[in-house]
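A short write-up of the structure that comes next.
Nothing in this text is a laboratory measurement; each read-out follows from the coordinates by a stated rule. The model shown is predicted, which means the values in this text are computed figures rather than measured ones. Cβ atoms come from the backbone with ideal geometry, glycine included; neighbour counts cover every protein chain shown.
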Amino acid sequence: MEQTPASDAADWSRLPADVLTSILCDLEFPDVFSSATVCTSWRATARALGRLGRSYTRPQTPCLFYATAAGAELYSLAAGKSYKLPDPPGPPIADRHIWGSSHGWLVTADAHSELHPLNPVTGEQLGLPPVATVEQVTPVLDDAGELSRYDLSFYNTAIPRKETQPQPYGPAELRGVLYLKAVLSCDPLRGGHCTIMLIHNSRRQLSFARVESEQWHWISTSPPYIQYSDCIYHDSAFYAMTLQGGIHRYTIKGSCASSCEVIFKDTLPYTAYNVYIARTPSDDVLQVWRFTEDVSTGESSFDLHTDGFEIYKLDFDKQCIVTDGVLTRFASWVRPVTLQDLQADDSYPVKID
């Protein structure tokens, strides 16, 4: 058979940009990154996805995110390799703290303790209300009108309010004290209104805000003295787990939260700061216990190591946890991801759901 002359062969580098963009939007991010090595035009189109983040919303296989002095990278569990990410707008990712991961987005806190949802693949960043609008936070300005510090008040929903002396924190220091976890209700680029639920100090309370809104809203309907350890979003409501293993449901409508609905009673006879809530594809709800130990790394210095998990299914009818079956003692030992695993230096891994 006579071969087609090279000059008449299809020139894939001339594929129209809109057609190529449609193709790349159906690929997972490792394939998008690989496509950038095909030719100059493909590389330009792949990079343009960072400016077209609202078009690139494909669900992704879980991966690890970590930051180094050279920038940020994603480690693909499926591909078994790392990919360098585009620099996000604003402060470098290595200078931020990470307080949540939902629907492929990170919730990061900059050096002024302001929160920013960030898509690490596309580099797109969205806005959240100022930290000064959190109920318990008060900004303090210097004589020049510049931010000097934040005062954090320590009170909960108990009436009458019992407030102690507010504690002062520097602009960068507050993020390490105030934030505990941030949970997104959905991918903010897929339409609808994305709400972020924040577990925060003082005393592990809840506040929420819409993406690109101007105000954090404190949930003052929580039972007095209740503190929360984790939260998920499911079926149009947030489910928050207490330090004693109970589950409270909150529905958000506009700027208001519903009254607390206790759907699972406290089951733990002690306070557990490392207890989490998860949902399976079959809609079972799990209670995850993480066991840790302090490992000495030198004089007066300790690292917190995870040395095991227990996972239980919740029986809502009987209001108890299922303590037998394959979910019990799911893992007797979990080895942390190491820098050698990721083949990078000075990194901090975070799972991207």
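Based on the mean of other Cβ atoms within 10 Å per residue, sort peptides 205-216, 73-84 so the most packed one is first. Spell out each step's value before the answer.
Numbers: 205-216: 18.9, 73-84: 16.1.
The peptides rank, most packed first, as 205-216, 73-84.
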- [ ] Can you tell me the relative contact order of region 95-334? Whole percent, Cα pairs under 8 Å, sequence separation 6 or more.
- [x] 11
Task: region 72-194: Rg to Rh, with Rh as the Kirkwood radius over Cα pairs - done: 1.05
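Filter the trypsin sites (Lys or Arg not before Pro) in region 226-315 to those in DSSP coil with at most 14 other Cβ atoms within 10 Å of their Cβ, and list the result. All intermediate terms of the calculation are to be shown ahead of the outcome.
On the way: sites: R249, K253, K265, R279, R290, K313; in loops: K265.
In loop regions of region 226-315 (DSSP not H, G, I, E or B), the sparsely surrounded trypsin sites (Lys or Arg not before Pro) are K265.
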TODO: Rank the residues E28, E124 as a footprinting-exposure proxy: fewest other Cβ atoms within 10 Å of their Cβ go first.
DONE: E28, E124
Task: Straight-distance crosslink candidates among lysines, where the alpha carbon sits under 30 Å from K84 and sequence neighbours closer than 8 are dropped - done: K181, K351
Open item on the list: Please compute the contact order of region 89-150 in relative form: average sequence separation of alpha-carbon pairs under 8 Å and at least six residues apart, divided by the residue count, as a percent.
Closed with: 18
Open item on the list: Can you tell me which lysines have their Cα less than 17 Å from the Cα of K313? Leave out same-chain residues fewer than eight positions away.
Closed with: K265
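So what is the relative contact order of region 59-191, in percent, for Cα pairs below 8 Å that sit 6 or more residues apart? Mind dumping the intermediate values first?
Numbers: 232 pairs, mean separation 23.4, N = 133.
Relative contact order comes out at 18 percent.
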- [ ] Quick one: grab Rg to one decimal and Dmax as a whole number for region 95-334, Cα atoms only, in Å.
- [x] 18.8, 64
Task: Selection from G127, S82, V137 lying farthest towards where the dipole of region 81-140 points positive, charges on Cβ - done: S82
